[in-house]
Amino acid sequence: MIVEQEKNALSGLAMLVVLPLTIVLTIAWLVQSILSGAWQQTIAAALTLAVLLVATGGFFVVNPNEGKVLQLFGSYRGTAKRAGLRW
């Protein structure tokens with residue numbers, strides 16, 4: 001039997017500022033490393049950009065008087081109940 005656990009997800013508003021800013025900076029890093037010919041930095045910047053783009057999929061909205069189930073690899077981790085944009 002699974003017992004409901006209330007979890008507080010991170011604020012989506014903070015991540016809505018942080019993620020786009022880091023994506024722009026990483027793109028600038030990627031372009032600079034390509035132009036300078038540093039292939040190690042190019043690979044690192046490309047991998048960082050890929051991780052950041054995957055992280056943008058973590059946004060979700062919890063409507064008032066509702067909850068969202070949080071799962072990690074199919075395993076129940078809790079329920080987000082605070083209304084608003086979450087990450």
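The values are calculated or read from the model by the stated rules, or taken from the named source; none is laboratory data. Model, not experiment: these values are computed from the prediction. Quick reminder, even Gly has a Cβ in these numbers, built from the backbone with ideal geometry, and neighbours come from all protein chains shown. The accessibility values were calculated without ligands, DNA or RNA, using every heavy atom of the protein model including side chains. Shrake-Rupley method; radii C 1.70, N 1.55, O 1.52, S 1.80 Å.
Of the residues in the stretch 76-87, none is β-branched (Val, Ile, Thr) and part of a loop (DSSP other than H, G, I, E, B).
Consider the stretch 51-87 and keep the residues that are among the small types (Gly, Ala, Ser) and open to solvent by less than 60 Å² (accessible area, probe 1.4 Å). The one that is farthest from SER11 (Cα to Cα) is SER75. Contact annotation: residue pairs with Cβ atoms under 7 Å, 6 or more positions apart or on different chains, pairing a residue in the stretch 55-72 that is assigned to a loop (DSSP other than H, G, I, E, B) with a partner that is surrounded by 11 or more Cβ atoms within 10 Å (Cβ to Cβ), are PHE59/GLY12; PHE59/LEU85; PHE59/TRP87; ASN63/ALA83; PRO64/ALA83; GLY67/THR79; GLY67/ALA80; GLY67/LYS81.
Consider the stretch 35-50 and keep the residues that are surrounded by 11 or more Cβ atoms within 10 Å (Cβ to Cβ) and either out of contact with any helix residue (DSSP H, G or I) (no Cβ under 6 Å at 6 or more places or on another chain) or not polar (S, T, N, Q) (or both). The one that is farthest from LEU25 (Cα to Cα) is ALA38.
Does GLN32 qualify as being out of contact with any Pro (no Cβ under 7 Å at 6 or more places or on another chain) and open to solvent by 90 Å² or more (accessible area, probe 1.4 Å)? Yes: the conditions hold for GLN32. The set of residues from the stretch 1-54 being among the small types (Gly, Ala, Ser), outside any helix (DSSP H, G or I) and within 30 Å of LYS81 (Cα to Cα) comprises ALA9, SER11.
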